[in-house]
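The values are calculated or read from the model by the stated rules, or taken from the named source; none is laboratory data. Please read all numbers here as calculations on a predicted model, not as lab measurements. Cβ: placed from backbone, ideal geometry, glycine included. Neighbour counts: every protein chain shown.
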Amino acid sequence: MNDLVAATVKELANAGWHTVQTVNGLVPENASLQPGWAPGPLIKSRERTKPPLGWPRETDSLCPRCVVDTRNAIISGERDLADLVQGHNGEIKATILEENGRVIVRKTCPEHGTFEDLLSIDPEFSRVIEARYPGRDFRTAGDERIHRHGTSTIRYGRGAVLTIDLTNRCNMMCNPCFMDANQVGYVHELTLDEIKQILDDSISFKPRRQMSVQYSGGEPTMSPHFLEACRYAKDLGYYSVQAATNGLRFALEPEFAYQAKEAGFDIAYFQFDGVTNDANRHRHISNLFDAKLMAIKNMRAAGIEIVPVTTVVNTVNDSQVGPLLQFIIDNCDDLGGISFQPVSFTGRDEGITDADRHRQRYTISHLAHELHRYFDGKVDPYRDWYPLGAVGGFTTVVDHLRGAEAKFGGLACSCHPNCGSSVFIVANRRNGTWAPVTQFFDVQAFLNDLAVIADSARGRTLSLVQIALGMLRHFDQRKAPPGFTLTEFLKILNRKTNGALMAGRKPPPQDWKMLWVGGMWFQDLWTYDFRRTEMCVIPYATQEGEISFCAYNTGVGWRQVVENMHMVANTKDWFQRRGRHKIYAGDRPMDLPSRSLPVVSAPEPVGAGAHACGCGGH
Amino acid sequence: MVHLEWLLALGYIDSLFAERTAVTSRPLGTLPETLAQLYLQAMRHHAREAVLLWRDGDQWAPVPDWRFDRQVIRIALYLKERAGVKPEDRVAIVSELRQEWLAAEWAAIGLGAVSVAVDPDLAPARLTGALVEAGPRVVFASETALSKLDNGTMSLPGLTEMIAFTTQRPTDSVRTIAEIVELGGTLDTAERAQAFRAYARSIPADQPALSQHDASIEGRVAWQEVSHGQGVERVGQWWKLRPAQEGDRTYVLAGSPSLALRLALHACVADGYTMTVLGGTGRAQAELREIGPQRIVAPPAMLEDAVHDAEQQPPPMKPEGWRERANRALGRGGDTSSKHPISTALGGRVRAIDPLGPLDPLLAERLRRVASVGREII
């Protein structure tokens, strides 16, 4: 399509949209559907509630010192778990305010004094992100057995990623490590029956969610039940099965990658901190980057999607942010995007000094500005970044189109706007050309259109027509990178949605690929905000119900409490009874396989007529 | 990662150029030098939804390639690390054919040990005599065998572990196969799994792999034994005789497997295509109709029953028309009621039959009307 045709199509679509809306405005809105999976009718955009946003504002937080005392008292048995559920242990008020061109959080504990930390280096960026937040999802219902964690209880939303720690064992000794793997002196590892129970429970209440399951740990591939757990989650109907992995198992054992894929494993949420061995030095394996490349090769050969995850620590690896995104773009054939996670000082980092904490603190606003700087303004902090919750606009329309008979609600990520933001970019795998989607597609205007479509709640056909018009009128080919057309846009959307546009079929790999660049900022005791935890969309599913990610890993420390309650052995006993596992640490290199093994080792075919390969291979 | 079904209409034209991305199994078709290499080759890059299918109560339980491979590795790691099994040690399997039987056998030969099969139906004294003669480091035993071996408490020279193919421990000193797989699960790290594979790859072709107690010779203990190389040669012969096609199902009904049957099973598991169905005694005919296998390996008595029942059935009401004949000529399934009654009794798709014993010539003649009948597997 040349620019003239594209412009004509855009204008015609615009005219069509306005014509439809003229008629639409004359007919009263239809009532929202109430699908069986939902606790009430689908929420119209004006009915959505929002947490308190903007600043200055007051919120509920925690005293970093009181919390640790409370946790230790519960673990040692001096205090009862009920105190944690029913009480307000360590809770204090905090104020979020703008000061000296930054957004900070300040709180005072009567016993331990005042604590202060940084939330954003750019108030305007944070203001834009909060303004783009469409509002909360449903309040949960019938979940009393699953969500029962006092002030840490999740109250809103359907969740997007259900995290399950399969084991706290790990084959690395990283610093930072938010769960203090290999250091706590005990083993907490789920049995297969426990994993199945947790997965069953998570779809037992409303809204019944179409979530992704993310197995985590420790290193989840060290659990003997990893493959069976993947298969069970897939059989139950979970949207996708992921694992937060360091990838060493896939690097060392290519067969495992194939088997994981066959068992149902879809996406590796892949620890990836830098594009050289030196940039990974803080993980204490001197050739870690080489191992990562091998893991990528093996996983991609098996058909596993990979999303690298980088924990960004100021003054440690913050300079890697730009090179990492460039690496993702250069290798977009193999990688689906990248998730940057500004450091959260928890686990073995909870004892950090104030000076180190202030020096190493990194926020999503740092990330937005660093990418802007590194790519000479190509990624705009104010135009390109959207809160993760913005996807809720898409989900509402999908839920509407699926109708009242749908068994699951669509995948929604309606978390607090301070929890995470992202940019979508398109990249050409042949010539390296790339651009943020928001450069040529007016996402905010399209989201507004989707809200109109969902609110008016017309029939399926009319809704589809409006969606098509909305897409066409907001796509501006003149601003798109050279060679990128609406057809290419649709193709990559289809691949990104796992073939949803084409009844499950994916087109052959195209030159263009869409990449997700996310910033997900987990809380720690200094930045803690209960308004965020009650809307958590990445709950930890445990033997003690589903707990907000931050309440589990930081907060009052549900992780330590749950793990102590359900530990299966102390580490020494475990090693004696079950055998030791290898831990790669001490700044030494790990032995890597020198080559991949051939699929078939012997040359001579037998019974060639029947056995000759006709499928073209993987 | 949002479902965007609402874009179906716009995506339709693109779908004309789309390709299916389902994971498929790859045929092997090449013969390595050893049985251990054959196993490694079969388990690499294969994605059969069920390499084995067996009855678990009222339901069929599929064992996909990945699960079978992990079972084999975990049993092997347990045998090596906990039971001290070393290359050329003997691992005895005293059991009727079951899915764990195959996993235990692959595990043993992958370690370079010799997998020794002993018929569990032998009288207790002969069974004990066979085991004493075999001198196994580890014994896998079924419920039938355990009852003849003092529930596993009997002592044999050199024996370190008795493992039960049962759901409950018969005694405290005997572990169940499920416990072994579970304990092996935590030993199953990338490093150990790869070390297992690396060793299995290096086993020489002349090393003994399979041994079979010959129960037909009364009064003394006699053994048949094949090396890795000989075993692979026999597998190659089976592949030539019974070439597999994608989606093939082989139905096997057997008690304690003979050496020839064991090698036939290796051939099926390792060809990359075949789903091997382990049938249950007394349910064979119903299972055959349910499974519709292309190949049947069964004792003559079962085949005779099937033929007898088929011949008792009234003839089809309407004569076979051109459509049915065309379908039959093209090898398509379709309505089995138009097939030969014997074929229908054997599931409707059977291409080849291998009896587990001498076949009555008249019975063989009748079976040849619907399928190729091989020499007996004994």
Could you list, in sequence order, all residues of the stretch A:169-198 that are crowded, with 20+ Cβ neighbours inside 10 Å, within 30 Å of A:Gly36 (Cβ to Cβ) and touching a Phe, Trp or Tyr at 6+ places or on another chain (Cβ under 8 Å)?
A:Ile195
Can you say whether A:Arg283 is surrounded by fewer than 20 Cβ atoms within 10 Å (Cβ to Cβ) and of a type in the set (D, E, K, R), as far as the supplied structure shows?
no
Picking from A:Thr140, A:Thr108, the residue that is among the hydroxyl-bearing types (Ser, Thr, Tyr) and at pLDDT below 95 would be A:Thr140
Return the residue satisfying two criteria in turn: it lies in the stretch B:54-97 and is of a type in the set (D, E, K, R) and either within 14 Å of chain A (Cβ to nearest Cβ) or surrounded by 23 or more Cβ atoms within 10 Å (Cβ to Cβ) (or both), and of such residues it is nearest to B:Gly272 (Cα to Cα).
B:Asp65
Is one or more of the residues making up the stretch B:101-112 more than 27 Å from B:Tyr251 (Cα to Cα) and in contact (Cβ under 8 Å) with a residue 24 or more places away in the chain?
yes
Within the stretch B:219-246, restricting to residues that are over 28 Å from B:Glu88 (Cα atoms) and out of contact with any strand residue (DSSP E or B) (no Cβ under 8 Å at 6 or more places or on another chain), the one that is nearest to the other protein chains (Cβ to nearest Cβ) is B:Pro243
Of the conditions (1) within 30 Å of B:Glu179 (Cβ to Cβ); (2) buried (at least 24 other Cβ atoms within 10 Å of the Cβ), the single one that A:Met211 does not satisfy is (1)
Name the residues in the stretch A:483-507 that are in a loop (DSSP other than H, G, I, E, B) and at pLDDT 60 or above, would you?
A:Gly483, A:Phe484, A:Thr485, A:Arg505, A:Pro507
Contacts under 9 angstrom Cβ, first residue in the stretch A:298-311 being at pLDDT 90 or above, partner in a helix (DSSP H, G or I) and among the polar types (S, T, N, Q), 6 or more apart
A:Ala302/A:Gln259; A:Ile304/A:Asn298; A:Thr310/A:Gln320
Exactly one condition in (1) more than 23 Å from A:Trp512 (Cα to Cα); (2) assigned to a helix (DSSP H, G or I); (3) away from every other protein chain (no Cβ under 14 Å) is false for A:Tyr362; which is it?
(2)
Looking at A:Glu194, A:Glu255, which one is modelled with pLDDT of 95 or more and either assigned to a helix (DSSP H, G or I) or over 30 Å from A:Arg155 (Cα atoms) (or both)?
A:Glu194
Of all the residues that make up the stretch A:94-142, how many are touching a helix residue (DSSP H, G or I) at 6+ places or on another chain (Cβ under 9 Å) and polar (S, T, N, Q)?
2
Taking the stretch A:197-224 on its own, how many of its residues are in a loop (DSSP other than H, G, I, E, B), within 20 Å of A:Gly545 (Cα to Cα) and within 14 Å of chain B (Cβ to nearest Cβ)?
4
Only residues in the stretch A:19-35 that are in contact (Cβ under 8 Å) with a residue 12 or more places away in the chain count as the first member; pair them with residues that are in a helix (DSSP H, G or I) and among the basic types (Lys, Arg), Cβ under 8 angstrom, at least 6 apart or cross-chain, and list the lot.
A:Pro35/A:Arg402
Hey, which of the strands (runs of 3 or more DSSP E) in the stretch A:77-189, taking only ones fully inside, have at least 3 residues that are touching a His at 6+ places or on another chain (Cβ under 9 Å)?
A:113-120
Could we say that A:Ser204 is crowded, with 21+ Cβ neighbours inside 10 Å, of a type in the set (Ser, Thr, Tyr) and at pLDDT below 90 here?
no
Just to be sure, is A:Ala260 aliphatic (A, V, I, L, M), farther than 24 Å from A:Gly519 by Cβ and either under 22 Å from the mean Cα position of the chain (by Cα) or modelled with pLDDT under 90 (or both)?
yes
State whether one or more residues within the stretch B:86-93 are part of a helix (DSSP H, G or I) and over 25 Å from B:Val297 (Cα atoms).
no
Can you name every residue in the stretch B:29-71 that is in contact with a strand residue (DSSP E or B) (Cβ under 7 Å, 6 or more places away or on another chain) and of a type in the set (Gly, Ala, Ser)?
B:Gly29, B:Ala50, B:Ala61
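Okay, residues lined up against (1) surrounded by 22 or more Cβ atoms within 10 Å (Cβ to Cβ); (2) at pLDDT 90 or above; (3) under 28 Å from B:Asp121 (Cβ atoms):
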| position | (1), (2), (3) |
| --- | --- |
| B:Ala260 | no, yes, yes |
| B:Leu288 | yes, yes, yes |
| B:Glu304 | no, yes, yes |
| B:Leu330 | no, no, no |
| B:Lys339 | yes, no, no |
Consider A:Ile296 against the criteria (1) part of a helix (DSSP H, G or I); (2) of a type in the set (Val, Ile, Thr); (3) within 14 Å of another protein chain (Cβ to nearest Cβ): it satisfies all of them except one. Which criterion is unmet?
(3)
Residues to consider are A:Ala73, A:Ala15, A:Ala94; find the one that is without any contact (Cβ under 8 Å) to a residue 12 or more places away in the chain and either polar (S, T, N, Q) or under 27 Å from A:Leu525 (Cβ atoms) (or both).
A:Ala73
Looking only at residues that are in contact (Cβ under 8 Å) with a residue 24 or more places away in the chain and surrounded by fewer than 20 Cβ atoms within 10 Å (Cβ to Cβ) in the stretch B:269-286, which one is nearest to B:Pro64 (Cα to Cα)?
B:Gly280
When you scan the stretch A:373-482 for helices (runs of 4 or more DSSP H) that lie fully inside it, which ones turn up with 2 or more residues that are more than 12 Å from chain B (Cβ to nearest Cβ)?
A:443-456, A:460-474
Over the stretch A:349-379, the set of residues closer than 17 Å to A:Ile329 by Cβ and among the charged types (D, E, K, R) is A:Glu370, A:Arg373, A:Asp376, A:Lys378
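Each row is one residue, and each column tells you yes or no for (1) touching a Lys or Arg at 6+ places or on another chain (Cβ under 9 Å); (2) touching a residue at least 12 places away in the same chain (Cβ under 8 Å); (3) surrounded by fewer than 22 Cβ atoms within 10 Å (Cβ to Cβ).
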residue	(1), (2), (3)
A:Arg139	yes, yes, yes
A:Asp143	yes, yes, yes
A:Ile154	no, yes, no
A:Gly159	yes, yes, no
A:Ile164	no, yes, no
Residues within the stretch B:171-212 that are surrounded by fewer than 18 Cβ atoms within 10 Å (Cβ to Cβ), in a loop (DSSP other than H, G, I, E, B) and touching a Ser or Thr at 6+ places or on another chain (Cβ under 9 Å), tallied:
4
Residue within the stretch B:45-61 that is at positive phi and modelled with pLDDT under 90 present:
yes
